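**Student:** Would you mind keeping the following structure in view while I ask a few things?
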Amino acid sequence: MKKILLSLVCLIAGWQFAFAEEPALYDIVREKLDSVFYYVNKEAVPTGLLAEYGFHLAQLDSYNGIPTDSNYVSRMEWEMLYAGLYDSQINSRIRMREPDEVYEQAKGNLSVMYYKYNTLADDAVERGLAGFVDGRLQIDNEPGVYVEKECFAVVPVDGSLPLVFDKNNFFTNTGLDIKMVEYKIDNGSYRAIPFSGGAVRVPTGTSPGEYDITFRVTFSNGKTMESHSIVSIECRCKEEDSKK
């Protein structure tokens with residue numbers, strides 16, 4: 001399928017860019033990809049993010065708010081997801097912050113991303129809505145040619161349990177706010193993570209080691225999504241309250 005082949009080309013190009021240690025390679029590949037999308041009406045992409053237009057070192061659709069064995073989030077995955085979304089910006093509907101600026105802000109902080117993005121429908125070619133002419137993609141902007149998907153990921157602070165969440169570390173294009181952030185260790189019960197300025201509660205008796213920690217985020221529209229990570233805890237925790 002041509003859509004899959006195009007995505008594969010983009011993915012391979014992204015890996016080449018990441019490991020070739022040639023900064024100019026990005027400009028070369030981006031120029032060629034822009035040529036492929038030359039005839040595409042970019043402003044017709046509803047979210048302003050088109051997955052096929054960007055380079056992705058992490059698979060966006062694996063991080064959809066439902067934890068599986070293949071979508072654990074480390075800082076590296078979180079940054080690769082953000083970089084892929086940033087590179088997928090195709091029109092003026094969205095302006096994401098520079099990746100390095102976001103990485104610096106998120107470093108050492110519990111951070112959440114939740115973006116809606118578009119992909120070409122799997123059957124766009126079969127329905128005659130997309131195809132190639134002289135090596136360039138052409139898309140018929142009929143209803144259903146673009147499918148909306150979601151990318152959600154929470155990056156923890158390694159070496160300690162999540163104690164507090166600052167809403168400034170929520171990166172999104174949804175217009176939603178975060179009402180609650182919770183976490184659970186392994187198969188335990190969820191505990192609320194206070195927002196910055198609230199009381200900090202540390203679970204008691206947690207021994208040093210690696211834990212599977214699941215984060216559950218509730219948004220202002222009532223929607224909940226989950227993300228999980230393997231977190232190394234470096235010290236035994238005692239239960240105590242303090243003020244951030």
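**Student:** Only counting other Cβ atoms within 10 Å, I'd like R136, R216, R30 sorted with the fewest neighbours first. Working shown, then result.
**Tutor:** Numbers: R136 13, R216 20, R30 16.
In order of increasing Cβ crowding within 10 Å: R136, R30, R216.
**Student:** Can you flag which of K107/K167; K42/K179; K184/K223; K42/K107; K107/K179 are past 24 Å Cα-Cα? Numbers along the way, then the final one.
**Tutor:** Details: K107/K167 14 Å; K42/K179 34 Å; K184/K223 18 Å; K42/K107 33 Å; K107/K179 22 Å.
In this structure, K42/K179; K42/K107 lie more than 24 Å apart at Cα.
**Student:** May I ask you to order 116-126, 100-110, 48-58, 175-185 by the average number of other C-beta atoms within 10 Å around their residues, highest value first?
**Tutor:** Final packing ranking: 48-58, 116-126, 175-185, 100-110.
**Student:** Next question, about the same structure. Return the long-range amide H neighbours of N64 (sequence gap of 5 or more, or a different chain), with a cut-off of under 5 Å between placed amide H atoms.
**Tutor:** The list, which skips near neighbours in sequence, is F152.
Where a number appears in this text, it was derived from the coordinates with a stated rule and is not lab data. Everything numeric here is computed off the predicted structure, so don't read it as measured data. Using ideal geometry, Cβ is built from the backbone for each residue, glycine included, and neighbour counts are taken over all protein chains shown.
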